[in-house]
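S.K.: Sharing a structure with you now.
The values are calculated or read from the model by the stated rules, or taken from the named source; none is laboratory data. As the structure is a computational prediction, the values presented were derived from the model and not from experiment. Cβ sites come from the backbone with ideal geometry, for glycine too, and all protein chains shown count toward neighbours. What goes into the accessible areas is simple: the full protein's heavy atoms, side chains included, and nothing from ligands, DNA or RNA. Shrake-Rupley method; radii C 1.70, N 1.55, O 1.52, S 1.80 Å.
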Amino acid sequence: MSKFNSLILVLILFVFPLAQSEQEAIKAIIHRLDSKTSSPSIQEAAAKGLLRRLLPTHVDSFKFQIVSRDVCGGGSCFLISNFKPSSSNGAEILIRGTTAVEITSGLYWYLKYWCGAHVSWDKTGGVQLASIPKPGSLPLLEGNGVVVKRPVPWNYYQNVVTSSYSYVWWDWERWEKEIDWMALHGINLPLAFTGQESIWRSVFRDFNLTVKDLDNFFGGPAFLAWARMGNLHGWGGPLSQNWLDQQLALQKQILSRMRELGMTPVLPSFSGNVPAALAKRFPSADITRLGNWNSINADPSTCCTYLLNPSDPLFVKIGEAFIRQQIKEYGDVTDIYNCDTFNENTPPTNDTSYISSLGASVYKAMVKADKDAVWLMQGWLFYSDSTFWKPEQMKALLHSVPFGKMIVLDLFADVKPIWKTSSQFYGTPYVWCMLHNFGGNIEMYGVLDAISSGPVDALASENSTMVGVGMCMEGIEHNSVVYELMSEMAFRSKKVEVQDWLKTYSRCRYGKADRYVEAAWNILYHTIYNCTDGIADHNNDFIVKLPDWDPSSSFDQKMPHLWYSTQEVINALQLLLKAGDNLRNSATYRYDLVDLTRQVLGKLANEEYLKAISSFQRKNVAALNHHSKRFVQLIRDIDRLLASDSNFLLGTWLESAKKLATNPSEMKQYEWNARTQVTMWYDNTEVNQSKLHDYANKYWSGLVEGYYLPRALTYFYYVSKSLRKNESFHLEEWRREWILFSNKWQAASETYPVKAEGNPIAISRAFYEKYFG
């Protein structure tokens, strides 16, 4: 596919707008991290192992070689060329790179732009490799081949909550696939948070705490992220010894593979979050109890965690002990540690001296254990609590450590870039990140233009301190197009022409060109994937997040986010359906078709819900019945649609949770965790739902019909009864009945299908004709 070559035959200069002294600080970090990487032979073998798992038929078709940074002008790059000498049974393509990640990135670049292949998550359709020619017939490159350089050194991956929303029930088989995906997409700075509770247990036992003292400190498996951040404690717990041992062993496998591939893992560090029992063991320690974080009634058994003041000498001792214990367990694998102070918890004072001392203490705890430690911090607090973090408070925290010893993740740069309003984080190195997803919601959404130009503009801006790009979604396995483009920005120094890029993307994703597909994706680019309203996209469709209100009052609930013409997207669906005969054997096409049909029907359901409520307020019984029945029927139809694709099933989520259990008690606990996270989430009373209910909602077959459908039926029963009897809406009765149902469902154990049923193309076509034909 030499027509793709024009996209690649560009030498990307390694550009650093940083001042000279700042450049040197970053180069020093990179030099130290390079010294920790695995040997060239180990990395080359790791890259070959990935190729064997991805494309076993072509293991001998590629030659891999690690090269020094000098070959890349001092930075990181991959080089693709024809292998000489070549034979019909030997290597055809030579891929060289500064690390195994560069080699595997180069491999995917070649497979994509020369062979028309595509690699996405299994749960978004998986891989499309049928377009790759047989061994001995791979496309050759022109001339000396290509060199592709990283414009910035790092490509970061994960949010601190991704471990709970997406990875929580993974075993090594699934983790191995994810690390392969990371390596193919150029990730070289991934968060590695698995298993840290075992480390904490060892550390706190050295500070005279017992296992019982820690039972109410750690959260349950599906809520560990928020226990780690000090938002809650004990919710969904306690953790069994089996869980702790299992996750620690898993973390060692994860770190080993990351290092073999030349990645730099980011490990956790101490932010001050401590068990309640520590105050009893150390009565003179400066420990305060934080306020309520999203609890309905501030139940002390799970709410309001304890914070050790960074100025207390005990803070540094615990922080140092934690990192030393990690080094003892994992070896000297990194110098970069994540610490998020006051993530959605406001500091007790805005005094800049206090904030500066807090930062200095966090950093001191790191360097006491690792003299070369670098603090990586999510910049979410500067957005979520912007009324507190004014310029002086930001500077106090950012400048509390030596330059080059802190890197900030500009977490929401795709929508709300902080670097623009903070003078490049007041001189602190930062990573331009795409947040994109909240709660692992399933929603087609994106800002492709911002992704294709934002990192380039940030790097080229005056006095830029940008040192990386990153993907910081709360949940993964959706919107493949967004993550494909974002991952490419780690290797691009020029803006991408998205419309042309999408033609190549769709051809690679489905394995062949199709004029209807190209036309559909052109519409999707200008609608669904062109959100410019600056609103953080949570899926608040009425099916998955039914409003909890009295319909006779004014509507004060949050409306579902809608930023595009629904009619235009219906037209895109019609076009995509026309490609069904041509692409019926493509798993990636079938996934996208189901996803788009779901999106269209979900927005139609929103309209029916609002019409039903309007009918109630106009006291029109017939119209209420009509629109509420249409809303309910859409729920049933969406469940049937989702059931036709195994990637949209509740059953796989629940079974993966139960699979990790070693006894009936664990199985019950894990299933409760899995069910609760995607429904009620946190605590409730008899008449008040959790403040976080439906935050992690999912369009999954089984959840739609088994949970969302009964809720809608119950709600509209009370709405209809109120209108028929001409009486006020019984809001408390409705809430009491619904919450009781929810709590019973959370604790239930009925099974749901784990295999798809039905023909997704036929079902999508039937529903298009039913509702829009």
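S.K.: Pairs, please: C-beta under 8 Å, at least 6 apart or cross-chain, first residue under 16 Å from GLY319 (Cβ atoms) and in region 202-223, second in a loop (DSSP other than H, G, I, E, B) and open to solvent by 40 Å² or more (accessible area, probe 1.4 Å)?
M.R.: Matching pairs, first to second residue: PHE207/PHE282.
S.K.: Can you find a residue in region 233-246 that is under 24 Å from LEU290 (Cβ atoms), open to solvent by 10 Å² or more (accessible area, probe 1.4 Å) and modelled with pLDDT under 95?
M.R.: No, the conditions are met nowhere in region 233-246.
S.K.: Filter the helices (runs of 4 or more DSSP H) completely within region 681-773 down to those with at least 1 residues that are over 30 Å from ARG584 (Cα atoms), outside the structural domain of MET444 (by the TED database) and touching a residue at least 60 places away in the same chain (Cβ under 8 Å).
M.R.: Ranges flagged: 709-724, 731-746.
S.K.: Identify all residues within region 277-296 that are within 23 Å of GLY236 (Cα to Cα) and β-branched (Val, Ile, Thr); write none if there are none.
M.R.: The answer is ILE296, and nothing else.
S.K.: Would you please name the residue that is surrounded by the most Cβ atoms within 10 Å (Cβ to Cβ), looking only at residues in region 392-401 that are in a helix (DSSP H, G or I) and more than 29 Å from the chain's Cα centre (by Cα)?
M.R.: So the residue we want is ALA396.
S.K.: For region 300-312, state whether one or more residues are part of a helix (DSSP H, G or I), closer than 30 Å to GLN669 by Cα and open to solvent by 20 Å² or more (accessible area, probe 1.4 Å).
M.R.: No; the residues of region 300-312 include none that is part of a helix (DSSP H, G or I), closer than 30 Å to GLN669 by Cα and open to solvent by 20 Å² or more (accessible area, probe 1.4 Å).
S.K.: Could you identify the single residue in GLU666, GLU655 that is farther than 18 Å from VAL544 by Cα, among the acidic types (Asp, Glu), open to solvent by 20 Å² or more (accessible area, probe 1.4 Å) and not in a loop (DSSP other than H, G, I, E, B)?
M.R.: GLU655
S.K.: Sort out which residues of region 100-133 are assigned to a loop (DSSP other than H, G, I, E, B) and in contact with an Asp or Glu (Cβ under 9 Å, 6 or more places away or on another chain), and write them in order of number.
M.R.: Result: SER120, TRP121, GLY125.
S.K.: Another one. Show the residue pairs that are 6+ apart or on different chains and have beta-carbon atoms under 7 Å apart, the first residue being within region 357-371 and assigned by the TED database to the domain that holds LEU397, the second being of a type in the set (D, E, K, R) and open to solvent by less than 10 Å² (accessible area, probe 1.4 Å).
M.R.: Partner pairs satisfying both residue conditions: ASP370/ASP335.
S.K.: Then there is this: For region 206-223, indicate whether the set of residues that are within 30 Å of MET667 (Cα to Cα), open to solvent by 10 Å² or more (accessible area, probe 1.4 Å) and among the basic types (Lys, Arg) is non-empty.
M.R.: Taking every residue of region 206-223 in turn, at least one turns out to be within 30 Å of MET667 (Cα to Cα), open to solvent by 10 Å² or more (accessible area, probe 1.4 Å) and among the basic types (Lys, Arg).
S.K.: Among the residues that make up region 494-514, is at least one of them within 30 Å of TYR167 (Cβ to Cβ), within 25 Å of the chain's Cα centre (by Cα) and not in a helix (DSSP H, G or I)?
M.R.: Scanning region 494-514, I find at least one residue that is within 30 Å of TYR167 (Cβ to Cβ), within 25 Å of the chain's Cα centre (by Cα) and not in a helix (DSSP H, G or I), so the answer is yes.
S.K.: Checking SER81 against (1) at pLDDT 95 or above; (2) outside any strand (DSSP E or B); (3) among the polar types (S, T, N, Q); (4) out of contact with any helix residue (DSSP H, G or I) (no Cβ under 7 Å at 6 or more places or on another chain): exactly one of these is not met. Which one?
M.R.: (2)
S.K.: Within region 348-375, can you find the residues that are open to solvent by less than 10 Å² (accessible area, probe 1.4 Å) and either β-branched (Val, Ile, Thr) or touching a His at 6+ places or on another chain (Cβ under 7 Å) (or both)?
M.R.: ILE355, VAL362, VAL374
S.K.: Do the conditions hold for ASP537, that is, is it surrounded by 17 or more Cβ atoms within 10 Å (Cβ to Cβ), closer than 30 Å to LEU692 by Cα and among the acidic types (Asp, Glu)?
M.R.: It is true that ASP537 is surrounded by 17 or more Cβ atoms within 10 Å (Cβ to Cβ), closer than 30 Å to LEU692 by Cα and among the acidic types (Asp, Glu).
S.K.: What is the one condition in (1) free of Cβ contacts under 8 Å to residues at least 40 places away in the same chain; (2) assigned to a helix (DSSP H, G or I) that TRP226 does not satisfy?
M.R.: (1)
S.K.: Do you know which of the residues in region 402-415 that are at negative phi and at pLDDT below 95 is surrounded by the fewest Cβ atoms within 10 Å (Cβ to Cβ)?
M.R.: Residue satisfying both the conditions and the ranking: PRO402.
S.K.: Considering LYS84, LYS134, which residue is within 19 Å of LYS63 (Cα to Cα), of a type in the set (Lys, Arg) and in contact (Cβ under 8 Å) with a residue 60 or more places away in the chain?
M.R.: LYS134
S.K.: Scan region 481-501 residue by residue and report those that are surrounded by fewer than 22 Cβ atoms within 10 Å (Cβ to Cβ), over 13 Å from LYS112 (Cβ atoms) and not β-branched (Val, Ile, Thr).
M.R.: If the condition is that a residue be surrounded by fewer than 22 Cβ atoms within 10 Å (Cβ to Cβ), over 13 Å from LYS112 (Cβ atoms) and not β-branched (Val, Ile, Thr), then ARG492, SER493, LYS494, LYS495, GLU497, GLN499, ASP500 are the ones that fit.
S.K.: Any residue in region 632-639 that is under 25 Å from the mean Cα position of the chain (by Cα) and either surrounded by fewer than 18 Cβ atoms within 10 Å (Cβ to Cβ) or closer than 14 Å to PHE767 by Cα (or both)?
M.R.: Yes - at least one qualifying residue is present in region 632-639.
S.K.: For region 689-710, give me each residue that is surrounded by fewer than 19 Cβ atoms within 10 Å (Cβ to Cβ) and either among the hydrophobic types (A, V, I, L, M, F, W, C) or within 18 Å of ASP637 (Cβ to Cβ) (or both).
M.R.: Once the filter is applied, which keeps residues that are surrounded by fewer than 19 Cβ atoms within 10 Å (Cβ to Cβ) and either among the hydrophobic types (A, V, I, L, M, F, W, C) or within 18 Å of ASP637 (Cβ to Cβ) (or both), region 689-710 yields GLY706, LEU709, PRO710.
S.K.: Separate question: Can you tell me which residue within region 322-347, out of those that are β-branched (Val, Ile, Thr) and in a helix (DSSP H, G or I), is most open to solvent (accessible area, probe 1.4 Å)?
M.R.: The selected residue is ILE327.
S.K.: Further, regarding this structure: Please go through region 578-590 and pick out each residue that is open to solvent by less than 10 Å² (accessible area, probe 1.4 Å) and of a type outside the set (S, T, N, Q).
M.R.: Hits for region 578-590 are ALA579, GLY580, LEU583, TYR589.
S.K.: Which one of these is open to solvent by less than 10 Å² (accessible area, probe 1.4 Å), within 30 Å of PHE631 (Cβ to Cβ) and of a type in the set (S, T, N, Q): THR566, THR527?
M.R.: Exactly one residue qualifies, and that residue is THR527.
S.K.: Still on this structure: Taking region 168-205 as the search range and keeping residues that are among the basic types (Lys, Arg) and more than 16 Å from the chain's Cα centre (by Cα), which one is most open to solvent (accessible area, probe 1.4 Å)?
M.R.: ARG205
Rundown of residues vs (1) closer than 30 Å to THR597 by Cβ; (2) at pLDDT 95 or above; (3) assigned to a loop (DSSP other than H, G, I, E, B); (4) outside the structural domain of TRP121 (by the TED database), yes/no style:
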residue: TYR426; (1), (2), (3), (4): no, yes, no, yes
residue: TRP432; (1), (2), (3), (4): no, yes, no, yes
residue: ASN437; (1), (2), (3), (4): yes, yes, yes, yes
residue: GLY440; (1), (2), (3), (4): yes, yes, yes, yes
residue: SER453; (1), (2), (3), (4): no, yes, no, yes
residue: VAL456; (1), (2), (3), (4): no, yes, no, yes
residue: SER464; (1), (2), (3), (4): no, yes, yes, yes
residue: GLY468; (1), (2), (3), (4): no, yes, no, yes
residue: ILE476; (1), (2), (3), (4): yes, yes, yes, yes
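S.K.: With touching a Gly at 6+ places or on another chain (Cβ under 8 Å) and either part of a helix (DSSP H, G or I) or among the β-branched types (Val, Ile, Thr) (or both) as the only criterion, which of VAL367, VAL362 stands out?
M.R.: VAL362
S.K.: Which of the residues that make up region 3-57 are open to solvent by less than 80 Å² (accessible area, probe 1.4 Å), at pLDDT below 95 and under 30 Å from PRO133 (Cα atoms)?
M.R.: Residues satisfying the conditions are PHE4, ASN5, LEU7, ILE8, VAL10, ILE12.
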